[in-house]
């Protein structure tokens with residue numbers, strides 16, 4: 001049954017990825033885009049990569065802040081793992097990098113996987129979503145957004161805000177400020193209570209208004225650095241974009257790569273970025289160079305920084321999965337074995 005479902009997911013991803021590639025080739029002259037790469041303005045590109053690195057370091061630092069209720073987790077190791085995960089996500093579909101961010105801390109430090117999963121998938125997504133909402137609202141005030149985009153942006157913003165309120169309410173409703181698990185959590189069956197408790201533990205940051213504001217502030221600054229990256233890359237490819245337009249491009253590029261359909265997200269990224277820039281009035285030839293060239297630069301840089309981070313935390317390029325098996329068993333598993 002599971003194999004059948006996995007096969008369907010793989011088939012759907014292959015179909016969508018193939019469709020994106022077909023549309024990309026049909027609407028863009030990729031050979032001409034590649035021929036334009038030697039004309040890259042190197043100085044702008046170098047500053048863009050510096051801003052991009054700063055953004056990733058800040059997001060890695062945010063991850064440590066979101067796990068501040070786990071003081072035994074070392075910052076340097078988490079930051080290195082965060083960069084490795086970005087590298088793996090860029091190279092391999094299915095977001096295996098996020099799996100590593102759950103699996104490795106669990107095996108090495110005994111943190112429950114459910115707690116890590118809720119932290120990585122739920123809390124980070126909520127902070128990223130709220131950051132996008134705030135930045136997009138600012139962009140709507142700064143530029144005349146194409147009418148075709150406005151309904152989707154407004155609907156998306158309302159959805160994100162509603163999910164954030166629901167998430168914060170769930171985090172505060174199941175655990176009191178003193179840490180006792182009460183409220184709706186106390187009414188759940190015993191078998192379910194522990195698992196839901198781990199989910200809420202991963203959402204601990206959402207219980208404090210101060211922590212929410214800090215996390216949101218760090219998230220906004222991190223995404224502003226990434227917006228700066230795309231704006232600087234536009235200058236490197238001699239495309240004139242306003243900062244607000246670049247903000248929309250950044251959000252679209254990240255949404256296009258949120259669910260990897262192809263290795264390195266080749267196809268969906270270029271298609272979304274190029275079509276959006278054409279919608280803003282840019283010339284298609286220059287747009288193709290920007291979409292292809294920026295992707296090549298970013299993936300190359302993510303790979304280099306990921307490999308360096310991988311070596312710094314003791315992982316080799318070819319043995320990520322093998323090293324997962326070699327890590328110490330989780331504390332929770334050892335405790336369970338001892339009780340048996």
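The values are calculated or read from the model by the stated rules, or taken from the named source; none is laboratory data. All values reported here derive from a predicted model rather than from experimental measurement. No Cβ is skipped: glycine too gets one built from the backbone with ideal geometry, and neighbour counts run over all protein chains shown.
Would you list the helices (runs of 4 or more DSSP H) that sit entirely within segment 67-145 and hold 1 or more residues that are at pLDDT below 95, within 23 Å of residue 54 (Cβ to Cβ) and touching a helix residue (DSSP H, G or I) at 6+ places or on another chain (Cβ under 8 Å)?
It comes to 75-91, 96-109, 124-142.
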Residue check for residue 200: surrounded by 12 or more Cβ atoms within 10 Å (Cβ to Cβ), in contact with a helix residue (DSSP H, G or I) (Cβ under 9 Å, 6 or more places away or on another chain), modelled with pLDDT of 90 or more and part of a helix (DSSP H, G or I): no
Of the residues in segment 219-254, how many are closer than 30 Å to residue 173 by Cβ and surrounded by fewer than 19 Cβ atoms within 10 Å (Cβ to Cβ)? 2
Is it the case that segment 260-278 has a residue that's free of Cβ contacts under 8 Å to residues at least 12 places away in the same chain and in contact with a helix residue (DSSP H, G or I) (Cβ under 6 Å, 6 or more places away or on another chain)? yes
Could you give me the residue pairs with C-beta distances under 7 Å whose first residue belongs to segment 302-327 and is at negative phi, whose second residue is assigned to a helix (DSSP H, G or I) and modelled with pLDDT under 75 wherever it lies, and which are 6+ apart or on separate chains? 315/323
